[in-house]
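Structure, as structure tokens:
No lab work stands behind these numbers, since they all come straight from the coordinates. As the structure is a computational prediction, the values presented were derived from the model and not from experiment. Note: ideal-geometry Cβ built from the backbone for every residue, glycine included; neighbour counts use all protein chains shown.
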Amino acid sequence: MKKYRIFKWEEIEDKFTDKLLLGNGASRAVWDKFKYISLYEEAEKVKRIDPRLAKLFLDLSTNDFEYVLRLLSQTNRVNQILQIEDKDTLKLYRNLKRALIETIHEIHPKHEQVESQLLVIAEFMKRFDTILSLNYDLLVYWAMMEAKEKYGNWFKDGFIDEGRFDNDYEPLRVPFNADGATLVFYPHGNLILATTSVGAEVKLKADEKLLLERILDIWKKEDYIPLFVSEGETDVKLQAIRRSNYLKTVYDREVEAKTDSLVIYGWSFGAQDEHILRGIIHKGVDRIAISVHTTSSNIESFCGTVDYKIATMQLTVKKKEQCKICFFDSESAGVWNKAA
């Protein structure tokens with residue numbers, strides 16, 4: 001006898017309009033090449049990683065490009081200031097950045113390859129007040145841009161004035177030149193975000209159809225470090241979040257925020273993202289709807305594991321009231337990239 005009922009989206013959608021959390025499964029549903037294990041392992045597999053860089057990643061116990069790029073850049077800068085001869089650090093920095101650029105270019109789709117799905121995705125996203133995307137790719141951003149002609153300035157990400165993030169973004173929740181408003185945030189960063197050589201965090205801009213090429217070109221020619229934390233254990237990711245004004249603001253004010261309802265789509269609840277689950281549960285959430293693959297043979301096991309993790313996390317953060325959990329079919333009409 002099955003313990004968990006799997007709902008169709010249309011059966012529960014009216015109860016879930018506050019917040020949407022997107023995991024890697026959302027990207028994989030759109031583009032099959034996102035099924036890689038990790039960016040670092042993809043780069044290493046095709047021998048893009050210099051042996052000295054591989055040793056550095058190993059000794060630092062990380063697979064996070066952003067972290068190692070930052071360390072190499074800072075080390076080179078310190079050596080320059082102290083007039084310490086250093087050619088290798090800059091060379092390794094450039095080699096690693098090139099490896100990242102080439103790996104992303106190989107994995108990430110071009111705009112025209114996913115264009116037919118973008119407006120459908122936007123239709124799903126616009127029903128929520130807030131979106132938290134844990135994915136570094138451009139799919140959410142492209143969907144926002146695709147919807148602009150039809151819905152006006154509905155989607156907002158808090159970046160203004162030449163790509164600067166406005167910490168006072170709450171007024172953006174009021175609709176302007178649109179019938180509604182959805183705020184979009186990236187708790188682990190995104191390809192459109194970067195850190196300059198002086199530490200400023202900015203949003204890169206270009207025509208949305210050429211944005212991927214423009215971003216990769218900027219990384220090649222200019223001294224930007226990508227602002228996204230794609231890999232690493234949960235504590236390492238949280239440390240990276242704390243180093244960034246943007247990521248820390250999003251975590252503190254949006255991940256750790258009281259909410260009535262939350263939809264989770266394409267998230268595996270892996271140990272590497274435990275900090276996200278802790279943040280969600282910290283201030284409290286009344287109702288959570290979680291997507292599942294109905295074709296999977298281990299649905300009951302997945303639902304039971306998720307149920308247990310949420311209950312355990314609520315005990316950890318000393319939440320007395322248990323949130324209500326339900327599961328829905330990820331292939332339901334009207335969900336993510338599935339047309340209604």
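A few remarks follow.
- Count Lys and Arg as plus one, Asp and Glu as minus one, and take only other residues whose Cβ is under 11 Å from that of GLU274; the net charge is then 0.
- Derived scalar couplings between HN and Hα for the stretch 296-301 equal 6, 7, 10, 4, 4, 5 Hz in order, rounded to whole Hz, by the Karplus curve 6.51 cos²θ - 1.76 cosθ + 1.60 (θ = phi - 60°), x for Gly and Pro.
- A simple charge model with +1 on the Cβ of Lys and Arg, -1 on the Cβ of Asp and Glu and nothing else charged puts the dipole of the stretch 45-170 at about 660 debye relative to its Cα centre.
- Segment GLU10..ARG98, full-extension length gain: 27.2 nm, with 0.36 nm per residue of separation and the alpha-carbon distance subtracted.
- Of ILE325, THR294, ALA339, farthest towards positive along the dipole that unit charges on Lys, Arg, Asp, Glu beta carbons give the stretch 253-340: ILE325
- Assigned charges on the beta-carbon of Lys, Arg, Asp, Glu; the stretch 40-107 dipole about Cα centre (debye): 240
- Here's the picture: charge each Lys and Arg Cβ at +1 and each Asp and Glu Cβ at -1 in the chain, and of ILE121, ILE215, VAL306 the one pushed furthest to the positive end of that dipole is VAL306.
- Subset of LYS35/LYS97; LYS148/LYS324; LYS35/LYS55; LYS110/LYS258; LYS15/LYS150; LYS156/LYS338 violating a 32 Å alpha-carbon distance limit: LYS148/LYS324; LYS110/LYS258
- Annotation: amide H of PHE155 within the under-5 Å range of THR182, sequence separation 5 or more or interchain, hydrogens built in the peptide plane.
- Here the chain is assigned +1 on the Cβ of each Lys and Arg and -1 on the Cβ of each Asp and Glu. Its dipole about the Cα centre then comes out at about 580 debye.
- Per-peptide packing, taken as the mean over residues of other Cβ atoms within 10 Å, places 14-26, 164-176 in the sequence 14-26, 164-176 from highest down.
- Evaluating 6.51 cos²θ - 1.76 cosθ + 1.60 at θ = phi - 60° for every residue in the stretch 120-133, the Karplus couplings come out as 4, 4, 4, 4, 6, 5, 5, 7, 9, 6, 9, 10, 10, 9 Hz, glycine and proline recorded as x.
- Comparing TYR265, THR182, TYR141 along the charge dipole axis of the chain, the residue lying farthest to the positive side is TYR265, per the Cβ-charge model.
- The alpha carbon centroids of the stretch 59-111 and the stretch 1-41 are separated by 33 Å.
- Residues of the stretch 268-300 with amide N under 17 Å of a point placed 7 Å along Cα→Cβ from LEU315: 278, 281-282
- Report note on the peptides 88-96, 52-60, 179-187: ranked by the mean count of other C-beta atoms within 10 Å, highest first, their order is 179-187, 88-96, 52-60.
- Phi angles across the stretch 276-284 convert, under the Karplus curve 6.51 cos²θ - 1.76 cosθ + 1.60 with θ = phi - 60°, into 3J(HN,Hα) values of 5, 4, 4, x, 4, 7, 3, 8, x Hz, Gly and Pro given as x.
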